[in-house]
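Asker: Sharing a structure, written as structure tokens. Questions coming.
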Number of protein chains: 2
Amino acid sequence: MTSATSPRELAHPTRDEIRLEEVLHALSDPMRLRVVRKLADAGEEVACAHVELPVTKSTQTHHFRVLRESGVIRQAYRGTAKMNDLRRDDLEALFPGLLDAILSAARRSAGATTA
Amino acid sequence: MTSATSPRELAHPTRDEIRLEEVLHALSDPMRLRVVRKLADAGEEVACAHVELPVTKSTQTHHFRVLRESGVIRQAYRGTAKMNDLRRDDLEALFPGLLDAILSAARRSAGATTA
């Protein structure tokens, strides 16, 4: 885990520290899957405030933290906004095809229940 | 969930009842991933007794139950043995490419840590 050197700098696992089990756990929650789909669709950094989840603010913060600490997303402060980006390159290098397979599955699942 | 009509018949979700989040949760554990790799490598039914995990018997039973209840494996009694099989067809129909991507990732992870 890279140490956070300032309160404004958030800790992230290095690529080598990312574990498959933790990535799967991070993605085993419908809200977190929704965040990841949103980031994948955006294809660029997205502010937390622009990801709408039907949960409280603190629960939303928790979900983003689980995604960051598992290595699925990278978070950084830009001014007053906390920005989020998928770690596509890291995940693809470690687990080729995994993220896309999960994103496809998530889209199908969402289509099968609520759009 | 198909109801278990006898103590010897185990409850399984139907294909339509299988949820992506539950499958990912089931696979987010190193012991359960190991079971799934073993079943994938075998390509046929495997008895619980032939899957060696470094955990207690009751923990092993728990892991198999999580895999069954999430729809990842099918379990059936054959005489005195409890047999296990991957639900490849169901998973592939619901989430194309997902199982293979996870199995590949699990093999790479296992190679990167313990062989």
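Asker: Could you run through the range A:38-90 and say how many residues are basic (K, R), closer than 18 Å to A:A26 by Cα and assigned to a strand (DSSP E or B)?
Answerer: The qualifying residues number 1.
Asker: Follow-up question, since we're still on this one. Does A:L103 qualify as being within 9 Å of chain B (Cβ to nearest Cβ) and surrounded by 15 or more Cβ atoms within 10 Å (Cβ to Cβ)?
Answerer: no
Asker: Okay, next question. Condition first: farther than 21 Å from A:V51 by Cα, among the aliphatic types (A, V, I, L, M) and at pLDDT 95 or above. Now tell me which residues in the range A:1-23 satisfy that.
Answerer: A:I18, A:L20
Asker: What's the number of the condition B:R87 fails, among (1) farther than 21 Å from B:L20 by Cβ; (2) away from chain A (no Cβ under 13 Å); (3) not small (G, A, S)?
Answerer: (1)
Asker: Hey, another quick one. How many of the residues in the range A:28-40 are within 14 Å of A:A101 (Cα to Cα) and within 14 Å of another protein chain (Cβ to nearest Cβ)?
Answerer: 4
Asker: Could I ask something else about it? Between residues in the range B:22-33 that are in contact (Cβ under 8 Å) with a residue 24 or more places away in the chain and residues that are among the basic types (K, R), which pairs lie under 8 Å by C-beta distance while being six or more apart or on different chains?
Answerer: Final answer for the pair search is B:A26/B:R32.
Asker: Within the set of pairs 6+ apart or on separate chains, which have a first residue in the range B:86-98 that is on the phi > 0 side of the Ramachandran plot, a second that is of a type outside the set (A, V, I, L, M) and assigned to a helix (DSSP H, G or I), and C-beta atoms under 9 Å apart?
Answerer: Close Cβ pairs (under 9 Å, with a partner that is of a type outside the set (A, V, I, L, M) and assigned to a helix (DSSP H, G or I)) amount to B:G97/A:D100; B:G97/A:S104.
Asker: Considering only the range B:41-56, I want to know if a residue exists there that is without any contact (Cβ under 8 Å) to a residue 12 or more places away in the chain, surrounded by fewer than 17 Cβ atoms within 10 Å (Cβ to Cβ) and within 14 Å of chain A (Cβ to nearest Cβ).
Answerer: Scanning the range B:41-56 turns up no residue that is without any contact (Cβ under 8 Å) to a residue 12 or more places away in the chain, surrounded by fewer than 17 Cβ atoms within 10 Å (Cβ to Cβ) and within 14 Å of chain A (Cβ to nearest Cβ).
Asker: Which one of the conditions (1) away from chain B (no Cβ under 13 Å); (2) of a type in the set (A, V, I, L, M); (3) within 22 Å of A:I18 (Cβ to Cβ) does A:A81 fail to meet, given that it meets all the rest?
Answerer: Checking A:A81 against (1) away from chain B (no Cβ under 13 Å); (2) of a type in the set (A, V, I, L, M); (3) within 22 Å of A:I18 (Cβ to Cβ), the one that fails is (3).
Asker: Here's another thing I want to ask about it. If B:V51 meets every condition in (1) modelled with pLDDT under 95; (2) out of contact with any helix residue (DSSP H, G or I) (no Cβ under 9 Å at 6 or more places or on another chain); (3) of a type outside the set (D, E, K, R) apart from one, which number is that one?
Answerer: Status for B:V51: all satisfied but (2).
Asker: Go through (1) in contact with a Cys (Cβ under 7 Å, 6 or more places away or on another chain); (2) within 14 Å of chain B (Cβ to nearest Cβ) for A:F95 and report which single condition fails.
Answerer: If we test A:F95 against (1) in contact with a Cys (Cβ under 7 Å, 6 or more places away or on another chain); (2) within 14 Å of chain B (Cβ to nearest Cβ), just (1) comes out false.
The values are calculated or read from the model by the stated rules, or taken from the named source; none is laboratory data. Please read all numbers here as calculations on a predicted model, not as lab measurements. Don't worry about glycine lacking a Cβ; one is built from the backbone with ideal geometry, like all the others, and counts go over all protein chains shown.
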